[in-house]
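Written below as structure tokens is the structure these notes are about.
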Amino acid sequence: MNRAEKATLQLRAVAVLRTLKETRTYEELAELTGLPAGDLNRYVNGHVLPGADRAEAVVAGVGREALATELRERVSFDDEGYVDNSAVVFDQSFLDLVAPVAAERLGFERPDVVLTAATDGITLGAAMASHFDARVAYAKKSKETAVEEFVESRQRLASGIELTYYLPADAVNDGETVLVVDDLIRSGETQELLLDIVERAGGEVTGVFALIAVGDEGVQRAERQTDAPVGSLTQFEQ
């Protein structure tokens, strides 16, 4: 990696460590990371940056597990199985930490566009786009009044409801690479529609990512549609 990439990785590691330190002592953080408490104190307080190897271990290893644990603590389910993840999708600073960890762990290549579905996926899409220095685009269930041309994908769900997503035609250009993200993947129906939109627009999928996977049906469904990496930060049983 070049000097700029190394510095970016080191700063991401510090951001992850500072987030973890908010709910832990230095001794607890040392036990979690395997790093000396004194070194962690210097990293968190900005006196020195971790070396590249340590930074990568924090971002891709410890960071993922710790953020996944934090995510699970913030998510709740009601008696009918509906997910409340508002404590996650409304916390942009948390999502900004998730983006580099997910990218590093799943090996996503830098896309031209990050595509998501309105509305809960928008904050994650913005975080991923910022990390990759890419454009963000989101498909909606209704057409924008002032937009004349759309790429659309329609599917009749198992419930019998017909679901349609619309994306302005100029949001993804022919030949551009696209990372598909969303806050939640359960049945995979939304991801299937987004992947279809990418294909119709002439784009190339570089990966599919969700913060939360409920069961494995949705992930498997997405894997059948693309050879690109597919994954989530954490998974709950159906």
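The values are calculated or read from the model by the stated rules, or taken from the named source; none is laboratory data. Since the structure is predicted, the reported quantities are computational estimates derived from the model, not experimental observations. Every residue, glycine as well, gets a Cβ built from its backbone with ideal geometry; the counts of neighbours run over all protein chains shown. For accessibility, only protein heavy atoms count, side chains too; no ligands or nucleic acids. Shrake-Rupley method; radii C 1.70, N 1.55, O 1.52, S 1.80 Å.
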- Message: Can you pull out every residue in segment 208-238 that is closer than 24 Å to residue 87 by Cβ, part of a helix (DSSP H, G or I) and open to solvent by less than 10 Å² (accessible area, probe 1.4 Å)?
- Response: 218
- Query: Only one of 41, 85 is over 30 Å from residue 186 (Cα atoms) and in contact (Cβ under 8 Å) with a residue 12 or more places away in the chain; which?
  - Reply: 41
- Message: Need the failing condition index for residue 205 against (1) part of a strand (DSSP E or B); (2) open to solvent by less than 20 Å² (accessible area, probe 1.4 Å); (3) in contact with a helix residue (DSSP H, G or I) (Cβ under 6 Å, 6 or more places away or on another chain), just the number.
- Response: (2)
- Enumerate the pairs (first residue in segment 48-73 and farther than 16 Å from residue 19 by Cα; second residue anywhere and assigned to a helix (DSSP H, G or I) and modelled with pLDDT of 90 or more) with beta-carbon separation below 6 Å, excluding pairs fewer than 6 apart on the same chain, so at least 6 apart or on different chains. 48/42; 52/6
- Note on the structure: Residue count, segment 32-85, condition of a type in the set (Val, Ile, Thr) and under 22 Å from residue 7 (Cα atoms), comes to 6
- Query: Applying the selection to segment 81-111, what residues are open to solvent by less than 20 Å² (accessible area, probe 1.4 Å) and not aliphatic (A, V, I, L, M)?
  - Reply: 85, 94, 100, 108, 111
